[in-house]
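What follows is one structure encoded as structure tokens, with my remarks underneath.
The values are calculated or read from the model by the stated rules, or taken from the named source; none is laboratory data. All figures in this text were calculated on a predicted structure; none of them were measured in a lab. So basically every Cβ, Gly included, is an ideal-geometry build from the backbone, and we count neighbours across all protein chains shown. All accessible areas refer to the heavy atoms of the entire protein, side chains included, with ligands and DNA or RNA removed. Shrake-Rupley method; radii C 1.70, N 1.55, O 1.52, S 1.80 Å.
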Amino acid sequence: MKNLFSVLRSDDVADDLVRVIETIIDASKEIAFRVRQGALAGVLGSTQDENIQGETQKQLDVISNQLLKDLLLANSVVAAIASEEEDTVVAGSAAGKYLVAFDPLDGSSNIDINGQIGTIFSIYRALDLIPHNSELQFLQQGAQQVCAGYVLYGPSTLLVITTGKGTRCFTLDSTQGNFLLTADHIRIAQDTQEFAINMSNARFWNDNMRSYIDDLILGETGARGKRYNMRWNAAMVGDVHRVITRGGIFLYPSDNRNAKQPAKLRLLYEANPVAMLIENAGGKACSETQRILDIQPTQLHERVAVILGSANEVSECLGYLQ
């Protein structure tokens with residue numbers, strides 16, 4: 001089996017970008033170890049603090065963020081980082097060439113129940129003539145990403161990554177500490193009979209989104225004429241990994257609970273990296289109005305509606321929203 005770094009070399013990925021990826025991988029291996037230890041390592045439970053999103057932080061959130069932050073800022077090619085757990089941009093090396101944005105531990109509600117969780121990351125080139133500690137560094141469209149991926153901490157530790165030349169899956173060989181290629185050039189099925197959505201929010205969706213989901217629930221007796229199954233992991237990485245593996249559609253639509261926060265998922269370090277992975281695997285990733293990778297960010301922790309997965313099903317959903 002090929003390991004991650006031999007695959008990156010065969011794709012002619014620049015050496016300094018490989019160094020950034022290697023740093024993320026080193027941090028993810030340590031996070032994977034802490035996850036496996038669970039209560040034995042004393043990392044379960046919540047802290048007394050909230051992050052910038054207003055969410056209660058889990059102990060493992062804080063540990064994961066600190067691991068990634070420390071290792072990345074020690075890398076001389078990293079110009080700055082942005083994290084779900086950090087209020088602002090954190091500057092790195094003055095000579096750095098790359099920006100890294102990350103959600104250190106997606107699916108925090110699953111930590112204490114031994115459910116699926118993961119790390120999502122996104123890498124951009126640093127912009128010239130802009131201070132490294134400026135939020136403007138990260139206000140780039142998702143199409144400008146040079147690498148995106150996630151590490152899924154489950155029964156096995158998986159890395160799904162793209163540098164724009166296809167989406168691949170690597171599995172951590174814990175005996176050797178290497179990520180080995182286990183799925184090359186993944187292709188997402190164009191059609192599907194599975195959907196992932198948090199149905200408890202249905203009363204807050206707009207009428208068109210409710211109509212779409214209602215037709216899926218009606219299955220073979222409704223307008224769609226085929227049976228659908230619903231799956232929901234409460235961790236974006238888990239639901240997206242299922243979509244990448246066997247097709248499906250994942251939705252986190254806008255809702256009317258809070259006019260100042262009409263969407264849940266963060267554009268920079270959740271929607272954009274996952275959209276890049278999905279598109280490089282032949283799928284489709286949109287907000288309710290446009291391609292996610294074309295959205296021009298206006299703020300660091302901007303939120304966006306997300307509809308992604310099997311291309312034909314995403315198109316069907318968007319047809320309801322027009």
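Please list 3J(HN,Hα) in residue order for the range 159-166, calculated via the Karplus relation 6.51 cos²θ - 1.76 cosθ + 1.60 where θ = phi - 60°; whole Hz, with x for glycine and proline.
10, 10, 8, 9, 10, x, 10, x
Ranking request for peptides 121-130, 199-208: highest mean number of other beta-carbon atoms within 10 Å first, then the rest in descending order. The partial results should precede the final answer.
Values: 121-130: 17.5, 199-208: 12.9.
In descending order of packing, they fall as 121-130, 199-208.
Go ahead and set up a Gaussian network model of the chain, Cα springs under 10 Å, then flag whichever of V18, V237, V306 fluctuates most.
V18
Report the residue, chosen from T157, T175, T167, that carries the largest GNM mean-square fluctuation when the chain is represented by alpha-carbon nodes joined by springs under 10 Å.
Looking only at T157, T175, T167, the largest GNM fluctuation is found for T175.
When the accessible area of the chain is split by element with a 1.4 Å probe, what percent falls to carbon and sulfur?
Details: 6320 of 13620 Å².
The computed percentage sits at 46.
Compute the Cα gyration tensor for the range 113-154, then decide on rounded, prolate or oblate, letting a ≥ b ≥ c be the square roots of its eigenvalues: rounded whenever a/c is under 1.5, prolate when a/b is larger than b/c in the other cases, and oblate in all that remain.
Details: a/c = 4.01, a/b = 2.55, b/c = 1.57.
It comes out prolate by the Cα gyration axes.
Indicate the gyration tensor shape class of the range 206-248 (rounded, prolate or oblate), computed on the Cα atoms with a ≥ b ≥ c the square roots of the eigenvalues: a/c under 1.5 is rounded; otherwise a/b larger than b/c is prolate and the rest oblate.
Working: a/c = 2.96, a/b = 1.65, b/c = 1.80.
Oblate is the answer for the range 206-248, as a/c is 1.5 or above yet b/c matches or exceeds a/b.
Using a 1.4 angstrom probe and counting only protein chains, how large is the accessible area of Y98 in Å², to 10?
Surface open to solvent at Y98 totals about 10 Å².
Using amide H atoms built 1.01 Å from N in the peptide plane, name the residues 5+ places from T157, or on other chains, whose amide H lies under 5 Å from its own.
HN-HN under 5 Å from T157: L172.
Across the range 127-138, in residue order, what do the Karplus-derived ³J(HN,Hα) couplings come to in whole Hz, using 6.51 cos²θ - 1.76 cosθ + 1.60 with θ = phi - 60° and x for Gly and Pro?
These are the phi-based 3J(HN,Hα) values: 8, 6, 6, 10, x, 5, 8, 8, 4, 4, 4, 9 Hz.
Long-range amide H contacts for I117: which residues qualify at under 5 Å (H placed 1.01 Å from N, peptide plane, sequence gap of 5 or more or a different chain)?
Y153
Helix-only estimate, please: 222 nm mean residue ellipticity of the chain, summing -39500 (n - 2.57) across DSSP H runs of length 4 or more and dividing by its residues, to the nearest 500. Write out the running numbers ahead of the final one.
Details: 7 runs with 88 residues, N = 322.
-8500 deg cm²/dmol, from helical runs alone.
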